[in-house]
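Each remark here refers to the structure printed beneath this line.
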Amino acid sequence: MTIDIQTLEDRYIDSCRRQGVLPNSSILSSLFKAEVKKSNHELCKLEILIDDLKDVDIAPLLDLCMNFDASEIEAVDVRNESSCVLNGEHALSLMRAVNKKLRVVHLQDLSYGKDFLRNISQRGLACQVLTLRCSRFRKLNLMGEFMHMHTLNLDFSSSLTSFQEECFNCMPNLMRLSMCDTRITNLWTTVAALSKLPSLIELRFQYWQYCNDSGISFTSCSGKSDDTADFSLLDRIPFIVEPFTNTTELADPNISAEDPLRNFYSLDEEVVNHDVQSMAEDSSDDSEVDFTSHHHRYWLSDVFPGWSSEVPLLYENEEEEDSSQGTFVEPITDVSMKYMSRHASPICYEKHYREFMIASLPNLKSLDNMRIRKIDKERATGIFSQYFEYLPYKWKHKESVVSILQKREIKSGQSKVHSSKNRTSYPSRQSQYFYARSLSAAKLGSSTWPFLHPLSLLGCELDKGFHPRQFEYHPSDSSLMVFGTLDGEVVVINHENEHIVSYIPSLGAMNSVLGLCWLKKYPSKLIAGSDNGSLKLYDIHHIPRKVTGIHGNFGCVTFDEFDQLTSVHVNSTDELFLASGYSRNVALYDINSGKRLQVFTDMHRGHINVVKFANHSPSIFATSSFDHDVKMWDLRQKPIHPCFTVSSSRGNVMVCFSPDDQYILASAVDNEVRQYLAIDGRLHLVFDIAPTESSQNYTRSYYMNGRDYIISGSCDEHVRICCAQTGRRLRDISLEGRNLGSSVFVQSLRGDPFRDFNLSVLAAYMRPGSKSKIVKINLLASSGHTNKDDSDNPHPCPFHSMGA
C-alpha cells in the first residue's frame, strides 16, 4: 500500500518525538510543497536543503527516508547552496538512505573535505543529476557506480586539472557533462577519459553567449550582467542551443535571459522525467591549491576563422538537412551580432580544440552549447588529419601487441620457405624496422596516460639532496646520465638502477652548471661549464662514486674561463669545443692542449644562448641568439660571415642538429619552433604550436626517435610531441606537482637516444625556493606500469601524467 504524504509527515514527527528533537521546519515545509505538487498533478518531489539541517536532525530524517520507496514521493532532490553546519558523513548517509528515488544532488563544495569527495568518488551515488560546484578535485577519479546518472556538472571546480585513468568507468547513462571554468588543459587524456562514456552527447567546457557592439548580452533575472551574476546564471545556460523559429528574436537587444532560455535545455521536472525516453531515442586526489580563475573572452570568429557573424549557429534538426537545399534557418542579418565565450576552461584555448573533440568523440551532438552539424563533423575530420597524428608513423588503427607479434612470426615462417627461391620476398613494409614501429604504435595507442618516474638516488628523491639545473644522456652507454646542479655539483648516475656512478663537488669554484657535454670517442670524459665562467674536463673513471667531504682535483683539466657561460658543445672528433653565454662572442677551445684557441667576436647582435656543433661534421656549428637570428658557421672559413642566417619573430632560445645533420631545429620564445634544411637554411617546417603571448614563455625543442619526432617544452605548458616530417601533433604530456602552490614548467628536456618514445624532463616550479626534478617519461607504458627498476621504489611519484 502506498504511503501518502500526510502519513510520512506523521511518521517524521513521531520519530522526532522519540529522538527527543524538534521537527525541522524546512523538512515540514518540503513535505507540504510536495503534497501541493501532487494535488496539481506535477512531479511529486521532496526537496531537502541541507543548509537548513543540523546533525541532530539526521536520525529522524533517516527514519523518514526508509519510507520513501513505498510512498507517494516520486523524487528527492538534495541541495546545498551555501556553507552549512551539517557533518559530511551525515550528508552522505542522507543521500544514500534516499536510494533509488534520489533525483538531483546539488552541492557547493565549500564545507566538506576530501573524505566526503573521496566517498562519493569511490562509492558512487544513485542520483540522476549530480552537481559538484566548486569541488576541490584536482585529478577527477569518479570510479564508483553512478548507474542512473545522466547529467554531471563540475563547473567552477578551479582545482580540477585532469582525469585519472579509472574515471568514468561506471557511468553508462551519462548524457550531459559540464566542466566550465576548470583547469583542464590536455586534449588527449580528456578524450581518453570521455571515450568511456557511451551515452555522452552533450559536453561543455565553456558556453557561448551573444552580444552586439552595444555590449548587450545575456543578463541574469536580477538584471545583473554576467560579470557580476552569481553561479546560478550558468545553470540556466543550455547544454544545447535549440533552433529559433524567428531569428529576429535572437537579435532583439531587449530580450532577457529567461526569454530565449525557455527554448533551451533546463533541469526541471519535465526534462528529467523525459531523459529516460530520450536516452533510448538517442540510442581523488584533493588539492589545497586554489588556482585563480581567468574569465577570458574571445569571439567566435577568433576561434573559427571560417565563420562570420552572418553564418548562423542555429539550425533545424540534422535529420532534415539536405546539402542540395538550405541547411540552415534564415541567416542572421544583423552583422553586428557576435558570439562570446564565457567561463572557458584552458582546454578551450588549445589550437583546434573544437575540431579535435568533435573528431575524437563522434557521438557528441553538442559541444559548448552549440549543436554539432554534419558540416562540423566533416570539417573536424579534415582538421584532425591535417594537424594531428592518431598513432605514430601514420598508423590509422589501433592494434594489439600480441597481434603484431603473431603476424611477424607467420611472416617469418613464410619467408624461410620462400627464401631459396626469392631473396627479396620481404615487402619493404614487412621489415624488422616496420615491426618495431608497429609495436611502438600499438604500445603508445594503449597508453594514453604515460608512465612518469622522478629519478631518486640512494633511497631519496633527487630534490632532497640535489638541485638539478641541466642534464645529458650518455651518447654510447644507455644506462648513464649526467646532471649539473645549481650548487655547482656534477653527478653521473645510472638512471636505470638510480645509483650514483661519480660525484664531483663544486669545490667552491663553480656556481650553477649550465653546460654539459660528453665526449664521443672518449666516453668516460665530459665537459662541464658553469655560469661563473668555470670550464673543466672530467674523467669519471678517476672520480669517486660516493658523496664525500673529501675535496680533490680528480685529475680534471681546467680551461680559460668564459664569463656568464650558458652553453658548451664538443665537436664530432672530440678535438674542439665551443662555449657561448651572455655575450655576442663564441670561444673555441682545444681539448688536447687545454688551451683557448680563439674568441669569435660580434657573431650576433644579441647574446648567444646556445651553440651546437654538427653531429658528423667537425667544423660546422650553429648559434642561436635572442637577436632573433640562428646562424650556421664553418670553422674552415674563419667564421667571419655565416654560411646562412635564418630569423624568427622572437628571440631564439636554442638550436640543435638532427642526428643525421640533415636539419636544424630552432626554438624561439613562445612556441615558435621551425625546422630548416641544414645545407642551405631553407625553411622545411613550421610546427603549429599556439603562442601564449608571453615574452617569458621560453621554448626548448629536441629530436626524439632519431629524427622522426620532436619534443617541445616551455614554461607552464605541456610537453608536445610532433612528427618531424609533417609537424602533426602526436601527444601532449603535462606535469603537475602534488600539493604544490604553483605550476610545474619545463626547464630542460631530452629524448632518450636508445629508447623510442622515452624522454626525460627537468621540471621546476614557478615559486621562490622551489626545487627541480628530473622526470623520466615512457610513452609506451601506462601510468599503472611498474618495472623492475621502480618496483621497489618506496617513494610515490609526486608528478601526475595529464597527457600522453
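Remarks
- The modelled label-to-label distance for the pair D680/K365, using points 7 Å beyond Cα in the direction of Cβ, is 5.7 nm.
- Taking the inverse of the mean 1/r over every pair of distinct Cα atoms in segment 5-204 gives a Kirkwood hydrodynamic radius of 17.7 Å.
- Summary of packing: across the peptides 369-376, 708-715, 198-205, the per-residue average of other C-beta atoms within 10 Å ranks them, highest first, as 708-715, 198-205, 369-376.
- Trypsin sites (Lys or Arg not before Pro) within segment 1-95: DSSP coil, no more than 15 neighbouring Cβ in 10 Å: K54
- Per residue, the accessible area of segment 665-704 comes to 39 Å², computed with a 1.4 Å probe over protein heavy atoms only.
- Cβ-placed point charges (K, R +1; D, E -1), dipole of segment 5-204 about Cα centre in debye, nearest 20: 520 debye
- Computed over segment 5-204: relative contact order in percent, which uses C-alpha pairs under 8 Å that are six or more apart: 13 percent
- Per residue, segment 5-204 exposes 36 Å² of solvent-accessible protein surface, assessed with a 1.4 angstrom probe and all protein chains in place.
- Placing unit charges on each Cβ (+1 for Lys and Arg, -1 for Asp and Glu) gives segment 1-148 a dipole about its Cα centre, and among V129, L28, L8 the Cα reaching farthest toward its positive end belongs to V129.
- With a cut-off of 9 Å between beta carbons, the residues surrounding R79 carry a summed charge of -4, where Lys and Arg count +1 and Asp and Glu -1.
- Computed FRET value (nearest 0.05) for T381 with E561, which takes r as the C-beta separation and R₀ as 51 Å: 0.30
- Loop-resident sites, segment 1-98, for GluC sites (Glu not before Pro), counting at most 13 other Cβ within 10 Å (DSSP): E42
- Carbon plus sulfur fraction of accessible area for segment 5-204, probe 1.4 Å, in percent: 47 percent
The values are calculated or read from the model by the stated rules, or taken from the named source; none is laboratory data. Treat the numbers as computed from the prediction; the structure is a model and nothing was measured. Note that each Cβ is placed from the backbone with ideal geometry, even for glycine, and that neighbours are counted across all protein chains shown. Accessible surface areas use protein heavy atoms only, side chains included; no ligands, DNA or RNA. Shrake-Rupley method; radii C 1.70, N 1.55, O 1.52, S 1.80 Å.
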